[in-house]
Amino acid sequence: MSHPLRNVPPMHALAAFEAVARMGGFAQAADELCVTPSAVSHRIRQLETLLGATLFERTSGGARLTTAGRLYLDTVSAAFDQLAQAGTLLRPSERERLRVSVPPTFARQILMARLPEYLRLRPDVELEVHVSIPLQDVTAEAADVDIRWGRGDYPERCVIRLFDDQMVALAAPAYVAAQALVVPADLARATLLRSPLLPWRPWFEAAALDWSEPERGAVFNDMGMLCEVAAAGLGVAPGTRRLAAAWMDTGRLVPLFGVAAPSPFAYYAVTDRGGQSRPVVVDFIDWLLAAVATP
């Protein structure tokens, strides 16, 4: 069995054929291809021999396609178009690529609603957003900007704190009424939900409760899930005002007892030191700082 590529005419012959057909003459095609008219004529004869068909009628005014030539031109033109399209898929985008990794709750509650403004301001940026796992720094792909939830201690990295937040205790109004939660000490009879992302101890201290970190209660490693189960009446959750704003604004969660404490963790924009030399990275962080400056 013959190899299929052995039946494909040489590319230089196909290019000569397409150029003559498009421009209507051997001399014109030769100028475009930067070869002599005799070279073009030789390539056309080679192609006609391979195909076993006459592609052009030679005239004093140039060259005119035969019926076979017109049919073959349709196939060759379509093939050239496909090759051109394939090349655009491989060619690097003229837009600059920016990869950002974000924890899921930050993405849903803070970033997503603001991103349309950034994309409107920077249509030249090819933005990719990947979800990371808070406190574990796990992301699907290396990022130019990591949004991290933690204490900000990332050695050898450039670190910018995005905003401060207040920690509060949150519960569904119906749960507060059912458990008769009036003063902080009443939490002794409540179910305290837990998360490795936000310890209870700072809030206990602000509420003048000399309690250790709870050892019982369901644990959630996503702040959005934690707020959602608290809103469903499962118990009292630690949270921050900015992250829980959507639940508080709709009344699904209420902060308890008027007690708040500085959050021990915050969101940081983290980059490699080399990233600070890229204007697109610096511009994104500047934009993000301004965008989150107010709730």
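The values are calculated or read from the model by the stated rules, or taken from the named source; none is laboratory data. Predicted, not measured: the structure shown is a model, and the values here were computed from it. A quick note on method: Cβ atoms are made from the backbone with ideal geometry, for glycine too, and the neighbour counts reach across all protein chains shown.
A few comments on the model shown:
- Filter pass, Arg95 being surrounded by 12 or more Cβ atoms within 10 Å (Cβ to Cβ), within 30 Å of Phe220 (Cβ to Cβ) and within 48 Å of the chain's Cα centre (by Cα): no
- Within segment 36-73, the residues that satisfy the criterion of being surrounded by 17 or more Cβ atoms within 10 Å (Cβ to Cβ) and more than 14 Å from Pro9 (Cβ to Cβ) are Val40, Ser41, Phe56, Ala63, Leu65.
- Residue list for segment 40-52, filter: basic (Lys, Arg) and more than 50 Å from the chain's Cα centre (by Cα): Arg45
- Among the conditions (1) of a type outside the set (Gly, Ala, Ser); (2) more than 15 Å from Tyr72 (Cα to Cα); (3) at pLDDT 85 or above, the only one that Leu5 does not satisfy is (3).
- Cβ-Cβ under 6 Å pairs, at least 6 apart or on other chains, segment 18-38 side part of a helix (DSSP H, G or I), far side acidic (Asp, Glu): Ala19/Glu32
- Residue in segment 135-156 that is surrounded by fewer than 14 Cβ atoms within 10 Å (Cβ to Cβ), on the phi > 0 side of the Ramachandran plot and not assigned by TED's automatic domain parsing to the domain that holds Val270 present: no
- Qualifying residue in segment 53-70 (condition: in the same structural domain as Val20 (by TED's automatic domain parsing) and under 49 Å from the mean Cα position of the chain (by Cα)): yes
- A single entry from Thr294, Thr271 fulfils the requirement of being part of a loop (DSSP other than H, G, I, E, B) and either on the phi < 0 side of the Ramachandran plot or assigned by TED's automatic domain parsing to the domain that holds Tyr118 (or both): Thr294.
- Tabulated pairs, segment 133-154, first assigned to a loop (DSSP other than H, G, I, E, B), second surrounded by 14 or more Cβ atoms within 10 Å (Cβ to Cβ) and at pLDDT below 75, C-beta under 7 angstrom, 6+ apart or interchain: Asp144/Gly275
- Criterion (over 18 Å from Gly239 (Cα atoms), at pLDDT below 95 and β-branched (Val, Ile, Thr)) met by exactly one of Val219, Val182, Val145: Val145
- Condition check for Phe220: within 29 Å of the chain's Cα centre (by Cα) and more than 24 Å from Pro173 (Cα to Cα): no
- Leading residue by the ranking (surrounded by the fewest Cβ atoms within 10 Å (Cβ to Cβ)) among those in segment 183-197 that are touching a residue at least 12 places away in the same chain (Cβ under 8 Å) and more than 44 Å from the chain's Cα centre (by Cα): Val183
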